[in-house]
Amino acid sequence: MARVLITGSTDGIGLATAEALIEDGHRAAVHARTTTRLAAVEHLTDRGAESITGDLANLDEVASLVEQANRLGCFDAVIHNAGTMSGPVLPVNVTAPYVMTARWQAYRS
């Protein structure tokens with residue numbers, strides 16, 4: 001089974017994707033903007049999902065997200081689901097996924 005990291009997985013399609021992956025027997029790591037938002041995925045972490053936290057609008061927190069993910073180990077796939085339609089659109093929707101992918105150390109080829 002695959003091991004997948006999903007950003008923006010506390011609600012909407014990210015949450016639904018994490019739920020579906022776990023239901024199908026895959027291993028998922030979920031992402032929340034803050035530790036407070038992790039409560040929205042507690043039902044998944046209770047079932048073995050791992051979690052990382054950080055605000056994608058903040059480049060220092062993006063670096064922290066990469067460090068957290070690298071500590072978790074290798075992933076078969078990353079779903080860059082997090083995004084915004086208002087506020088810091090460019091940092092969240094473009095810069096963060098690019099920086100995360102560029103700085104990743106733990107991946108499977």
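All of the numbers you see were taken from the coordinates with simple rules; none came from a lab. Quick caveat: nothing in here was measured; it's all calculated off a predicted structure.
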If you build a Gaussian network model of the chain, linking Cα atoms that sit under 10 Å apart, which residue out of Leu90, Leu44, Leu15 swings the most? Leu90
If the elastic network links every pair of Cα atoms under 10 Å, which of Ala69, Ala28, Ala40 fluctuates the most in the Gaussian network model of the chain? Ala40
Applying the Karplus parametrisation 6.51 cos²θ - 1.76 cosθ + 1.60 with θ = phi - 60° to the phi angles of segment 35-41, what ³J(HN,Hα) value in whole Hz is obtained for each residue in order, glycine and proline being reported as x? 5, 4, 5, 4, 4, 5, 10
Provide the convex hull volume over Cα atoms per residue for the chain, in Å³. 90
What list of ³J(HN,Hα) values in whole Hz, one per residue of segment 14-27 in order, does the Karplus curve 6.51 cos²θ - 1.76 cosθ + 1.60 (θ = phi - 60°) give from phi, with Gly and Pro shown as x? x, 5, 4, 5, 4, 4, 5, 4, 5, 4, 7, x, 7, 9
